[in-house]
Amino acid sequence: MGFLKVIYNFKLLIPRFYCTKSKNTIMKYLNVAEKNDAAKNIAAILSRGNSNRREGFSPYNKIYEFSAQVFGENCQMVMTSVSGHLLNYEFVSTYRSWQSCNPVALFDAPVVKNCSKDYEKIKRTLEREIRSCQGLIIWTDCDREGENIGYEIIKVCTDIKPNLRIYRAKFSEITAASVFRALNTLGQPNKNISDAVDVRQELDLRTGAAFTRLQTLRLRQVFPQKLAEKLISYGSCQFPTLGFVVERYQAIEDFIAEPFWKIKMMHTLKELTTEFLWKRNRLFDKNACGAILDHCKETPLATVESVDSKPKSKWRPLPLDTVEMEKTISKKLKINAKDTMKIAERLYTQGFISYPRTETNIFPKELNLANLVEQQQNDPAWGPFARRVMTDGGPTPRQGKKSDQAHPPIHPTKYANNLAGNEKRVYEYIVRHFLACVHKDAQGFETTVNVDIAGEQFYAKGLIILEKNYLDVYIYEKWSGKEINNYEEGDTFNPTVLELSEGSTSPPKLLTEADLIALMEKHGIGTDATHAEHIDTIKSREYVGLQDIYFVPGTLGMGLVEGYNNIGLEVSLAKPILRADFEKDLKLICDGLKDPEVVRREQVAKYRAVFQTVAEKMRLIDESLANRLDDAPQAVQQLNDGGNDDYRPAMKCPKCGQDMTLRTKKDGSGKFISCTGYPGCKHAIWLPSIVKNVEITNESCPECGPDYKLLKFTFRPNPFPGDPNPNNLCIGGCDTNVLEVLSISVNNVVRANGSNNTTVIGNNQTVFNNSNNRDRQPTINPAPSHTFHQNNTVRNTAQNTPRNTFLMVPTPTAHNSTNTNQRDDIMCSCDQQAVMLTVKKDGPNKGRQFYKCGSGNCNFFLWDPDSSEANPGPSNTTQNQRGNGEIRCNCNVAAVMRTVNKEGPNKGRQFYCCSKIVDKCNFFKWADEDNDPNNSFHGGNDDHGGGGGGDNLNWSFRGKTSRGRGKKTTNRTTPYNRNQSTGTRKRKCGKCAQEGHTKPNCPN
């Protein structure tokens, strides 16, 4: 008893030991930032400089290890990074070739979000590191793109480890205070914001690819001398941006100057000249203006009617947002917007400034502005002004009205004295702007003098600067005083100058980059983060050029915009209206007020309608370009007529779950159904030559479900006598007769339960679900179930499968298998253990055991080596004739009687042959010799139709195309001879000596 008690107590200790161990297990988190510099600096802050660096698969994205507290517990932290977007949308391989389809089909073609080869190493690093972690913390930038990149990271990691704890760190600057605050206030990623980016990316891909292919393929042919090597791209933001430049240029081209006249009056007193302005400003009638001047000269005495003096302020700038930074730096520092954003991002990742992509111009109350000002006090250039701000009552910022609820205005986060070049200039601008906006407005005193001459009113303004205040540090603005003579009400004087001045109206100036950004912001084209990219694109495509600092459209850009405007669209693609509406919808998606799928469908429909109109009227674009390029357009046909005008999937791929579409063989000899996931999935269904034509209908199979469309087949000849030809049929497995005629294995059309590891939603978009444990797993669309009745036979056309037919029996499992003699050393082509089955159908192999793939994913077949034939091959008479007189062929089905119709000695004679239409055996027997066992022909199962001599008997199906690989039967008609035997021996395999197959098809 004492021994048993010790054993019992030991057992009680075991669970306690494991419970204690699990409680002490240290949680490990994978942390992922958007750039390597950000990961490096965040790791340095969280580890307080004690992180260990090691290499990842990508040499540009390092891994940093350290310890930190998460939710009050000590945890192991692994910090790494991506390099921007890890996954990008692209069309499935079927539609990537420019010649693969009519461009209009791209509005419905399936798209997938894949990792490009350039980022595969980064993806491998994430996959490796997440295996040893229990949690994931996203440290990407807190904007739309950053949120979407975060979900791409989540997708990669949850594919490897679904049950992860996932958190989002939210920060606006890489400083110790901000980073630790983000770690202590971890939240959840925002799916709405990520969805908005997905919708934008997909629409940009579809519209950009469709219009770019249309323009490039056509215009290269129309203008082979000028545009043969040009990529004539289109973008839904790119073209409205180009439209602004063209519109301003056309306004200058169309401008007609008009002369005008005005009265000029000046008064000089003690060497100080005061210029008075005419309140009428100017007149376009010289005679009228001259008459007024003559009237004034008749009584030229000027009388001062009033002198008004009041304080005048020049407002300090608002807190800095992205658009204002791009405009001012472009105008004052002559650094273009694209370079400005690159420099600002580097300063941000180094911790010198806050996040540079923001729409906010209001400082949050919790931001310690005084501390930021104090950091700048030691600089020799603006340090004295920073000290002045603190002594004059501290920072008092001017507040704007915009906030994106994500980031504060751009401001310096720490002092930097080791910068050079443009980085130093941009940093200096941000610091000076920050100090200016937190100080005081400039103060002045303005005096306005109003005088009257013969009833005509004139005025003069003077300005005295009292306090420059913010202008002392903000060197990018000037405010000059203007001195005038001292006047008092009632004074009179004779003007020194009173004369007629002539001038003319001037055209507007060409747009600068600052002007263009302002127009893009006003009309909602792009975002603060993408303005620079769109401007750079139209420059790189040579749609516009630069004259000094001004944008000038090129001939190609002018011709395209004029052509689109001439088409007469309700909303021209060169106008900002379409894109602006789309940007508003994206904002509603971010706010959770609109369904992203609804927005996607609506916008795709809008752009498809515009595309179809443009495609019909491309001639107008040809004419506009011909005028601008000074080249005669060549006559060309409409592109891709008769191509795939729309996208119609035939079914879902049983291997990967993506769409399968109808395609034409390279030699044009027939059709096949191919998976759109190629080359990742190479599954295809090859249709036999009996199919003359096939089309995909819009009608789904009522039995197989919406994933299977009815196909309109046209056969040669019709294998279903009595049915219409063409005929709408389903190949989803609901009618095995159709599969048999088309030589399609059921495994090629039906997805095995539980075998699908790939998820495709809608147009192959990966969708994440929020579950209670924060898992992010794709939602799976299950394939419809298929029921096969026991009287149906399933035929496999693989070479290593015997031609015998058998009933499908349930696949045995390890716990209920009745095949006690099953061997464990037989593996199928999937490298899985094969299962043993038994032939149940009546025939020569009834009761014989064989091995096949347990999951049905491959066509493996092998007769049981330890089993002999259950029913040894009978004589021809017993095999082909039953006791009731029924004649059966080698397939063990009832033979059919035919009559020879061809001219010759056997015309009118009846015979028996295989009743199958496709994949028939070569059984042949004359009807008047049915008692003679030697007068039947038993060919091997070589797939030839119509038994011995069948090709020249001229019966109704003689036109069938042969599918077999065996020897072709002779076309010569053999004269009837009762004493001559037409039978042959059953062929044997040259490899294993078994009957029923030949050496090339040997399964052994």
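Structural remarks
- All positions within segment 491-509 that are within 21 Å of Ser306 (Cβ to Cβ) and assigned to a strand (DSSP E or B): Thr492, Phe493, Leu498
- Annotation note: Cβ proximity below 7 Å between a residue of segment 465-489 that is farther than 22 Å from Ser309 by Cα and a residue that is hydroxyl-bearing (Ser, Thr, Tyr) and surrounded by 14 or more Cβ atoms within 10 Å (Cβ to Cβ) (sequence gap 6+ or interchain) occurs for Tyr476/Thr328.
- Where helices (runs of 4 or more DSSP H) fall wholly inside segment 305-407, no range has 2 or more residues that are of a type in the set (Asp, Glu), surrounded by 19 or more Cβ atoms within 10 Å (Cβ to Cβ) and free of Cβ contacts under 8 Å to residues at least 24 places away in the same chain.
- For segment 119-197, the helices (runs of 4 or more DSSP H) that sit wholly inside it and include 2 or more residues that are charged (D, E, K, R), out of contact with any strand residue (DSSP E or B) (no Cβ under 7 Å at 6 or more places or on another chain) and surrounded by fewer than 23 Cβ atoms within 10 Å (Cβ to Cβ) are 120-130, 144-160.
- Once segment 834-849 is narrowed to residues that are touching a residue at least 40 places away in the same chain (Cβ under 8 Å) and not acidic (Asp, Glu), the residue that is surrounded by the fewest Cβ atoms within 10 Å (Cβ to Cβ) is Lys841.
- Any chance Ala518 is under 27 Å from Leu367 (Cα atoms), hydrophobic (A, V, I, L, M, F, W, C) and assigned by TED's automatic domain parsing to the domain that holds Asp204: no
- Whichever residue in segment 581-604 is in contact (Cβ under 8 Å) with a residue 40 or more places away in the chain and hydrophobic (A, V, I, L, M, F, W, C) and, among such residues, is farthest from Thr527 (Cα to Cα): Val604
- Of the helices (runs of 4 or more DSSP H) lying entirely inside segment 207-302, those containing at least 3 residues that are in the same structural domain as Lys482 (by TED's automatic domain parsing), surrounded by fewer than 21 Cβ atoms within 10 Å (Cβ to Cβ) and of a type outside the set (Val, Ile, Thr) are 286-298.
- Counted residues, segment 388-409 - those being within 46 Å of the chain's Cα centre (by Cα) and either aromatic (Phe, Trp, Tyr) or at positive phi (or both): 1
- Filter result (charged (D, E, K, R) and part of a strand (DSSP E or B)) within segment 100-118: Lys113
- Close pairs (7 angstrom Cβ cut-off, 6 or more residues apart or separate chains): in the same structural domain as Pro706 (by TED's automatic domain parsing) in segment 723-739, buried (at least 21 other Cβ atoms within 10 Å of the Cβ) and of a type in the set (Gly, Ala, Ser) anywhere: Leu739/Gly733
- Looking only at segment 605-653, and only at residues there that are in a loop (DSSP other than H, G, I, E, B) and polar (S, T, N, Q), the one that is modelled with the highest pLDDT: Gln634
- Residue count for segment 541-562 under the criterion of being part of a helix (DSSP H, G or I) and either in contact with a strand residue (DSSP E or B) (Cβ under 7 Å, 6 or more places away or on another chain) or modelled with pLDDT under 90 (or both): the result is 1.
- For segment 607-634, a residue qualifies if it is of a type in the set (D, E, K, R) and either outside the structural domain of Ser572 (by TED's automatic domain parsing) or within 24 Å of Gly557 (Cβ to Cβ) (or both), and the qualifying residues are Glu616, Lys617, Arg619, Asp622, Glu623, Arg628, Asp630, Asp631.
- Test for Gly592: is it touching a strand residue (DSSP E or B) at 6+ places or on another chain (Cβ under 7 Å) and not polar (S, T, N, Q): no
- None of Val449, Val426, Val431 is under 30 Å from Phe284 (Cα atoms) and β-branched (Val, Ile, Thr) except Val449.
- Apart from one condition, Ile525 fits all of (1) closer than 30 Å to Asn361 by Cβ; (2) part of a helix (DSSP H, G or I); (3) touching a Ser or Thr at 6+ places or on another chain (Cβ under 7 Å); the exception is (2).
- Tally of residues being assigned to a loop (DSSP other than H, G, I, E, B), under 41 Å from the mean Cα position of the chain (by Cα) and surrounded by fewer than 21 Cβ atoms within 10 Å (Cβ to Cβ) across segment 719-733: 1
- Qualifying residue in segment 315-336 (condition: more than 30 Å from Tyr355 (Cβ to Cβ) and of a type in the set (S, T, N, Q)): no
- Residue in segment 700-714 that is buried (at least 21 other Cβ atoms within 10 Å of the Cβ) and touching a helix residue (DSSP H, G or I) at 6+ places or on another chain (Cβ under 9 Å) present: yes
- The residue that is farthest from the chain's Cα centre (by Cα), counting only those in segment 671-690 that are over 21 Å from Tyr647 (Cβ atoms) and surrounded by fewer than 18 Cβ atoms within 10 Å (Cβ to Cβ), is Ser689.
The values are calculated or read from the model by the stated rules, or taken from the named source; none is laboratory data. The structure displayed is predicted, hence computed values, not measured ones. In this analysis, Cβ positions are derived from the backbone assuming ideal geometry, glycine residues included, and neighbour counts consider all displayed protein chains.
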